[in-house]
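Heads up, the thing below is written out as structure tokens.
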Amino acid sequence: MRAEVVSVGTELLLGSTIDTNAATLGQLLAECGIDCSFRQTVGDNLERATQAIRQALDRSDCVITIGGLGPTEDDLTRNAIAASCDVELVLQPEMLATLKQIFDRRNLKWVDSNQRQAMLPVGGQFIDNPFGTAAGIRMDVDGKIILALPGPPREFKPMLANYVKPLLAKLSGGSIIHSKVLRVCGMGESRVEDAIKDLLHTSNPSIAPYAKTWEVHLRLTARAKNVAEAEELIRPLESGVRQILGAHVYGTDETTLEMAVGERLAALNLTVSAAESCTAGLLMSRLAAVPGASRYLVGGVVTYTEQMKIQELGVPEQLIEAHSPVSEQVAEQMAIGARKRYGTYYALAITGVAGPGPDDRENPEGLVYVALAGPHQVEVEQHHLGKGRDSIRMRASQAALTLLWRRLNHTEL
């Protein structure tokens, strides 16, 4: 069975409202084992909404609309459903009476526009909405189903759980679509894809790479009768990926790199500190966000200016003058200084140009040096992280965590 989602609302197209409902619905469809090959978003326009629903009916077995069921003139979903099915909209006296009772009970003034919510396409039926006045609509047409759901999440989510999920589970025959995500650091998307290219053409389970901030996610997906059976199908594929990528795979599903690093540090009974310049505490914040971080995270310092690098970390002034504060040499001394200051096994350091534009030494925007000091050596990496202040800072913190992850696993990533 194939479903298609049609979200209705000009506010979605303008970006003033984020369509979280569609994401929630997509997850539910997967749980019910129903493929969702297309998603459409259309504004509050009857002609375009009708066209979107007709197109969805042509290529899908179940069309689920979100929004546009309210009482105002721009709430046109019920009209679009009627038009796409070539039927009339008819006022339903029982629903009209129910709406008026709700308004009386809430001491709300009734206006005639509210009766729009009592209009139903011929052949349709209402879906109960216990949290609002906009009932959902179900239409069965030529062996296909249209389900229209209200847009407010407090109304949408209960209707999804109480009506839509049981219906779709029944229609799908009891199968599910289950996914597991492998998180990869130290490799770009194209390099990951090339490494696992022989595994990319399986169908059940399947594998798909997604580029993220300074890492890659691999989604392994299987269709089965239940989660346990799906995971059994996924297991050999996951094993094959791990055999190829090794320690590049740092975690699964919701595991972040800072979680994986923290878990590894705790398991090895090692400690870490940090000295940050352009990231200004972002690295420490990420490390500290992990519950139990006090087992391995000792402290950190933000040395944004040259003077603070000299004063707090003991970076020689002449070194800064000779090489600039954004340099391999200064990053190395920052890491050494932090390790000495906090007495940790490892210390990370970041110095760079977050922009916009170059710094006063003409170092370009996006140039970042990341250093890791340990008891036996100091490693320094140079990165060119593109443009955009927030992006550069996040990528720099990710580069630092990747460097530490590599060292913790004693491998070249």
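If the condition is being of a type outside the set (Asp, Glu), in contact (Cβ under 8 Å) with a residue 40 or more places away in the chain, out of contact with any Lys or Arg (no Cβ under 9 Å at 6 or more places or on another chain) and under 18 Å from Val380 (Cα atoms), then the stretch 328-343 contributes Ala331, Ala335, Ile336, Ala338, Arg339. Here Ala224 qualifies as more than 30 Å from Glu312 (Cβ to Cβ), modelled with pLDDT under 95 and open to solvent by less than 20 Å² (accessible area, probe 1.4 Å). Take the residues in the stretch 273-306 that are closer than 19 Å to Ala396 by Cα and polar (S, T, N, Q), then tell me which one is surrounded by the fewest Cβ atoms within 10 Å (Cβ to Cβ). So, considering only residues that are closer than 19 Å to Ala396 by Cα and polar (S, T, N, Q), the one surrounded by the fewest Cβ atoms within 10 Å (Cβ to Cβ) is Thr305. Quick check, is Ala322 modelled with pLDDT of 95 or more and either open to solvent by less than 10 Å² (accessible area, probe 1.4 Å) or of a type in the set (S, T, N, Q) (or both)? Taking the combined requirement at face value, the residue does not satisfy it. Taking the stretch 44-94 as the range and being open to solvent by less than 20 Å² (accessible area, probe 1.4 Å), in a helix (DSSP H, G or I) and either closer than 16 Å to Met119 by Cβ or free of Cβ contacts under 8 Å to residues at least 40 places away in the same chain (or both) as the test, the residues that pass are Ala49, Thr50, Thr77, Arg78, Ala80, Ile81, Ala82, Ser84. Count of the stretch 300-321 residues, restricted to those that are on the phi < 0 side of the Ramachandran plot and not in a helix (DSSP H, G or I), is 8. The strands (runs of 3 or more DSSP E) found wholly in the stretch 113-194 and carrying at least 1 residues that are over 19 Å from Cys32 (Cα atoms) occupy 119-121, 125-127, 136-141, 176-185. Regarding Ala354, is this residue among the aliphatic types (A, V, I, L, M) and either open to solvent by less than 10 Å² (accessible area, probe 1.4 Å) or at positive phi (or both)? Judged against the criteria, Ala354 is a match. Among the residues of the stretch 228-272, those identified as in contact with a His (Cβ under 8 Å, 6 or more places away or on another chain) and open to solvent by less than 70 Å² (accessible area, probe 1.4 Å) are Ala230, Ile234.
The values are calculated or read from the model by the stated rules, or taken from the named source; none is laboratory data. Owing to the predicted nature of the structure, the values given are computational and were not obtained by experimental measurement. With ideal geometry, Cβ positions are generated from the backbone for all residues, glycine too; neighbour counts draw on all protein chains shown. SASA here: full protein model, heavy atoms, side chains in, ligands and nucleic acids out. Shrake-Rupley method; radii C 1.70, N 1.55, O 1.52, S 1.80 Å.
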